[in-house]
Amino acid sequence: MTGPGELDQRRRFLDGFCDRWLAAFNTRQTAAVLALTTGDVLWDDQVFWPHPCHGHTELAAYLDKIWTVMPDVEFTERQRFFAPDGSQGIVLFRQRGSGPPGPAAGERFEIEGCDIFLEFRDGLLSHYQAEYELSEMMRQLKMLPPRQGQIGGAYLLSLLRAGQAAGTYR
């Protein structure tokens with residue numbers, strides 16, 4: 001059982017970690033983010049990346065790609081939530097930036113998302129999950145067509161059908 005003093009300590013740790021996390025991401029420097037994670041971190045952002053990252057080498061490749069395709073991305077915290085026992089946290093954020101060079105050059109996006117801190121070890125993040133709306137980002141960057149009132153699955157299927165008609169997908 002967690003006592004009141006230990007719970008306060010955990011919450012203070014999470015508050016400080018969230019502040020350092022946001023500051024590190026807004027530097028857009030891979031080393032700053034890696035410094036907050038364990039060497040064997042499990043990083044799950046399958047919204048952007050095709051598979052979970054395991055360890056600093058894979059995470060560095062992921063982060064370097066983020067900074068390349070969104071060189072001016074910035075994050076603003078909206079709110080933070082902590083598990084009652086102070087062991088996990090969620091940070092709601094607003095993400096803003098420019099589109100990647102090439103297909104979305106000159107376009108901007110602004111979306112909501114959340115960082116989910118699932119596990120810490122020795123004061124470092126060891127298990128992370130991200131959630132945000134990639135299709136909305138791509139619509140704002142004019143890389144996807146408008147939804148035209150379609151609901152979730154219907155919209156995605158319409159994109160697939162359009163790709164099939166164009167010969168892009170089978």
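The values are calculated or read from the model by the stated rules, or taken from the named source; none is laboratory data. On a predicted model such as this, the values are computed, not experimentally measured, just so you know. Quick reminder, even Gly has a Cβ in these numbers, built from the backbone with ideal geometry, and neighbours come from all protein chains shown. Protein only, heavy atoms only, side chains kept; ligands, DNA and RNA dropped before computing areas. Shrake-Rupley method; radii C 1.70, N 1.55, O 1.52, S 1.80 Å.
Observations on the structure shown:
- Those residues of segment 18-45 which are open to solvent by less than 40 Å² (accessible area, probe 1.4 Å), within 14 Å of the chain's Cα centre (by Cα) and aliphatic (A, V, I, L, M), in sequence order: Ala24, Val33
- So Leu118, is it open to solvent by 40 Å² or more (accessible area, probe 1.4 Å), of a type in the set (A, V, I, L, M), within 30 Å of Leu14 (Cβ to Cβ) and in contact (Cβ under 8 Å) with a residue 24 or more places away in the chain: yes
- Exactly one residue out of Leu42, Leu59 is in contact with a helix residue (DSSP H, G or I) (Cβ under 7 Å, 6 or more places away or on another chain) and either farther than 15 Å from Leu125 by Cβ or among the aliphatic types (A, V, I, L, M) (or both), and it is Leu59.
- Candidate set: segment 1-17, residues that are among the hydrophobic types (A, V, I, L, M, F, W, C) and open to solvent by less than 90 Å² (accessible area, probe 1.4 Å); chosen: the one nearest to Ala35 (Cα to Cα): Phe17
- Candidates Val41, Val33, Val69, Val91 - the one that is modelled with pLDDT under 95 and either at negative phi or among the polar types (S, T, N, Q) (or both): Val69
- Restricted to segment 121-138, and to residues there that are under 28 Å from Gly106 (Cα atoms) and touching a Leu at 6+ places or on another chain (Cβ under 7 Å), the residue that is surrounded by the fewest Cβ atoms within 10 Å (Cβ to Cβ) is Ser135.
- Residues of segment 81-107 satisfying the condition of being over 30 Å from Asp122 (Cβ atoms) and among the acidic types (Asp, Glu): Glu107
- Residue satisfying all of: in segment 112-150; polar (S, T, N, Q) and in a strand (DSSP E or B); farthest from Asp45 (Cα to Cα) among these: Ser126
- Any strands (runs of 3 or more DSSP E) falling wholly within segment 1-107 and containing at least 3 residues that are of a type outside the set (Phe, Trp, Tyr) and closer than 22 Å to Leu134 by Cα: 74-82, 89-98
- Pair list, Cβ < 6 Å and 6+ apart or interchain, from segment 139-166 residues that are under 26 Å from Ala105 (Cβ atoms) and exposed (fewer than 13 other Cβ atoms within 10 Å of the Cβ) to residues that are at pLDDT below 85 and not acidic (Asp, Glu): Gly163/Tyr169
- Matching entry among Phe93, Phe75, Phe48, Phe81 (being open to solvent by 70 Å² or more (accessible area, probe 1.4 Å) and of a type in the set (Phe, Trp, Tyr)): Phe81
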